[in-house]
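All of the numbers you see were taken from the coordinates with simple rules; none came from a lab. Just so you know, these numbers come straight off a predicted model, no measurement behind them. Heads up, the Cβs are rebuilt from the backbone with ideal geometry, glycines too, and the neighbour counts pull from every protein chain shown.
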């Protein structure tokens, strides 16, 4: 192995080790500062998307009965719904 190859190998190992350590630290910090259990958060997200899906279908049905082209159908941005989720 040449000197240049050894240097590249050492850099790669340093980057890889940094990623592993950073991921471990991030996981620990994320679990310790999370306001709710992951299961609860996933449940809220699932309910939110179900609500948005129902709303979209209602708007499509309303527009269809008014005989308007579907290109004109718009839905509220997801970010507005996400802001409504209470944060503890």
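Going by how many other beta carbons lie within 10 Å of each one, how would you line up 41, 65, fewest first?
The order, fewest Cβ neighbours first, is 65, 41.
Computed on alpha carbon atoms, what radius of gyration and Dmax characterise region 15-59, expressed in Å?
In order Rg, Dmax, the Cα atoms of region 15-59 give 17.0, 51 Å.
Take region 1-40, compute every pairwise Cα distance, and split them into 5 Å bins from 0; I just need the percent in each bin.
5, 21, 14, 14, 11, 9, 9, 6, 5, 4, 2
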